[in-house]
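Heads up, the thing below is written out as structure tokens.
Only the coordinates and a few stated rules stand behind these numbers; no lab work does. Predicted model only: the values in this text are computed from it and were never measured. Counting neighbours? That spans all protein chains shown, and the Cβs are built from the backbone with ideal geometry, glycine included.
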Amino acid sequence: TIAYLNGEFVPLEQARISPLDRGFLFGDGIYEVIPSYAGKMVGFSQHMARFAKGLAAIEIDYKIDRDEWQTLVQRLIDDNRETLGDNIGVYLHVSRGADTRRYHAYPEGVTPTVFGFAFALSAPVKADRHAHPGASVSLAEDLRWERCHIKSTALLGNVMHFQQSVKEGNAETLLYNHQGEITEASSSNVFIIKDGKAFTPPLDNQLLPGITRMLVLECLKIAGIEVSEEVITVGELLAADEVWITSSGKEILPIVKVGDNQIGDGKVGEIWEKVFSVYSEQKFVL
Ligand code: PMP
């Protein structure tokens, strides 16, 4: 596959960075993952806006030119479709760059490392609740850092939480804070449905402002379903009629089991089907 590194398109196997890169030594960088289907991207502008915000938050001096990046990302998709197929995620990464000292403070005069590559995504599922078995998830206290709104490449906390779900044979790990409030999952956001109404935790430092979350909020409005961004306790989650997790790779995944608890009647819900069908139609235009 063809990758992008510091201004050039190169075969992925030939892409090389310094072991002194602070992305490697400190996880000192910001990343994005943009999904695409049959060559068309989902939420490109929103992903770029979040990318720029993340870089500003950690003071990496790198300005993202939206149009230039659109061309770059589109080329990674187009040039890799033959090998990867129609469903492609593009990973983009800007790290602070390589510094010869190993010193925590942000160095001056270091050039950021800019990297992008394409990988195969799974094909979108059909918006048919009878054809979807629903997924199960683990549940754990969030033991990551307190800046979860920054899409940092330092993902060990997320990796460890996700690994729990793998060990338990589940698709994800839902996370709650010290107050017993659901924040997000290790690599997804969370929605619940109760009595026909949708809820998702409000944005703050405890969760990533997911682009899919943002698109799903739009789709709920289009579908005429009332939605509220408010605190969801673990108890409320377990008593919900439907639970969904959202991310660029998973789109909207319906959850029918959380730990040992069945959600609703244990089947994928009607509202998921309705909203996911709107999402499937609208995702390229929102
Ligand atoms: N939360 C976390 C911690 C994530 O890593 C992700 C991205 N995989 C999400 C939520 C979902 O974000 P998006 O919809 O932008 O992919």
Stretch gain in nm, segment VAL125-THR83, where the contour uses 0.36 nm per residue and the Cα spacing is subtracted: 13.0 nm
Options VAL159, TYR4, LEU217, ranked by Cα towards positive dipole end of the chain, top entry (Cβ charges): TYR4
Set of lysines near LYS151 by C-alpha distance (under 22 Å), chain-local residues within fewer than 8 positions excluded: LYS53, LYS63, LYS250, LYS283
Prolate/oblate/rounded call for the chain, Cα gyration tensor, a/c under 1.5 rounded: prolate
Two-site FRET efficiency, THR100 against VAL231, from Cβ-Cβ distance with R₀ of 41 Å, rounded to 0.05: 0.30
Linear extension gain, GLU141 paired with ASP260, 0.36 nm per residue minus alpha-carbon span: 41.3 nm
Residue-span extension gain [ALA239 to GLN179] - 0.36 nm each, minus C-alpha spacing: 19.8 nm
The chain, relative contact order in percent, only Cα pairs under 8 angstrom and at least six apart counted: 19 percent
Burial ranking of peptide ranges 135-147, 250-262 (average Cβ count within 10 Å, highest at the top): 250-262, 135-147
Reach of LYS257 by Cα under 19 Å, taken over lysines that are not fewer than 8 positions away in the same chain: LYS167, LYS194, LYS267
Where labels lie 7 Å past Cα in the beta-carbon direction, separation of VAL166 and ALA154 in nm: 2.2 nm
Computed [θ] at 222 nm, helices only, for the chain once each DSSP H run of length n ≥ 4 contributes -39500 (n - 2.57): -8500 deg cm²/dmol
